[in-house]
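I have placed the structure first, in the form of structure tokens, so that the comments after it can refer back to it.
Here, each number is a calculation from the coordinates, and none is a lab measurement. For clarity, every value in this text was computed on a predicted model and none was experimentally measured. Don't worry about glycine lacking a Cβ; one is built from the backbone with ideal geometry, like all the others, and counts go over all protein chains shown.
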Amino acid sequence: EALSKFKKEIVGICLLPPKGENQPLDLLVLMSLDGAFEEKFKKKDEIEKTLKEIAEKKLPKNITVNSVIIDEIFDMCIKGKYDILGLLAMGMPIYDGGWLGALRVLEIHKQMVLKKFEKYVVSYVMGGSMIRGTATAESDVDAFIVIDDTDVTRLTANELVGKLRAIIWGMAEEAGMAAGVKNKLNIQIYILTDMWNSIKSANPVIFTFLRDGVPLYDRGMFAPWKLLLKQGKMKEALRIFQVN
């Protein structure tokens, strides 16, 4: 009934893991809405009100319905709040228009990568067609991993990337199976020193990466650079850094 009313807006429905014994279950509805930021939240509140009315008629009393728009998830991630990603990864998908599976497979893969290589991972970033809004049901799920090579002495940067890439790419297939997602998880790896040099030279590819990417994990590098670029202060920040 919810999809019959809001098929365009609803991109996923997930039953979240219980918070504790005898606690109500949460059914989370993911939405993708058009319009200005304030308009999206106004529309979200209107849709959520209708969804709760449907839930009162259709669902048991121990299931509560809440909603979140993709923009809110992105905002949480940029602010370093990743808890919702873990909940989605552990939850039970009820309906998926593509976004839920993408977030689940990325979170599962991210956790696998961090467990093995956290020392070297600076940022784990979602990008590609889903962020741009051009994805189809068959599109790849794109992620970019920034690797810190500044304290590596035994290996060259290329050797480090080659060694990590083989393992990380292997994890991608395993994560896809765990998430139940058939879409290919496409992983690209950046070296921190190369990325920094690209930023200093105003490389448009890296600037696009910063502008469009959403950090699903960040040690305090990607999000500040993204904010500086958004505020038009990237060149000013680089100039101050070079002078000092």
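Would you mind getting the Kirkwood hydrodynamic radius of the range 44-89 from its Cα pairs, rounded to one decimal in Å?
12.2 Å
Run the numbers for GLU56 and LYS230: contour at 0.36 nm per residue of separation, minus the present Cα-Cα distance, in nm. Please list the in-between numbers first.
Numbers: separation 174, 0.36 × 174 = 62.64 nm, distance 4.25 nm.
Extra length from GLU56 to LYS230 when fully extended: 58.4 nm.
How large is log10 of I(q)/I(0) for the range 89-159 at q = 0.16, 0.17, 0.23 Å⁻¹ when the intensity is taken from the Debye formula with one equal scatterer per alpha-carbon?
Values, matching the q order: -0.68, -0.74, -1.04.
What is the range 46-110's relative contact order, in percent, from Cα pairs under 8 angstrom and six or more apart in sequence?
Details: 23 pairs, mean separation 14.7, N = 65.
Normalised by residue count, the contact order of the range 46-110 is 23 percent.
The range 11-100: percent of C-alpha pairs farther apart than 17 Å? Provide the component values of the computation, followed by the final result.
On the way: 2085 of 4005 pairs.
Pairs farther apart than 17 Å: 52 percent.
Which of the pairs LYS79/LYS163; LYS81/LYS184; LYS110/LYS163 have their Cα atoms more than 20 Å apart in this structure?
Over 20 Å Cα-Cα: LYS79/LYS163; LYS81/LYS184.
Based on the Kirkwood radius over alpha-carbon pairs, what is the Stokes-Einstein translational diffusion coefficient of the chain at 10 °C with 1.306 mPa s viscosity, in µm²/s? Each step should come with its number before you reach the end.
Numbers: Rh = 19.5 Å.
D = 81 µm²/s.
Where a Cα-Cα gap under 13 Å defines reach, which aspartates and glutamates qualify for LYS8, not counting those fewer than 8 residues away within the same chain?
LYS8 reaches ASP34, ASP96.
Quick one: of the DSSP bridges fully inside the chain, what percent are antiparallel, nearest 5?
Roughly 60 percent of the DSSP beta bridges within the chain come out antiparallel.
Remind me, relative contact order of the chain in percent, using alpha carbon pairs under 8 angstrom and six or more residues apart? It would help to have the intermediate numbers written out before the result.
Details: 343 pairs, mean separation 46.7, N = 244.
Normalised by residue count, the contact order of the chain is 19 percent.
If every alpha-carbon in the range 1-59 counts as one equal scatterer, what log10 I(q)/I(0) does Debye give at q = 0.21, 0.28 1/Å?
-0.89, -1.23
For the range 124-195, what is the percent of antiparallel DSSP beta bridges, rounded to the nearest 5?
Numbers: 4 of 11 bridges.
Taking every DSSP beta bridge with both residues in the range 124-195, the antiparallel ones total about 35 percent.
When the Cα centres of the range 143-218 and the range 65-117 are compared, how far apart do they sit, in Å?
When both Cα centres are located, 19 Å separates them.
Need one number: nm distance between label points at THR156 and GLU138, each 7 Å from Cα along Cα→Cβ, rounded to one decimal.
The modelled label-to-label distance comes out at 3.9 nm.
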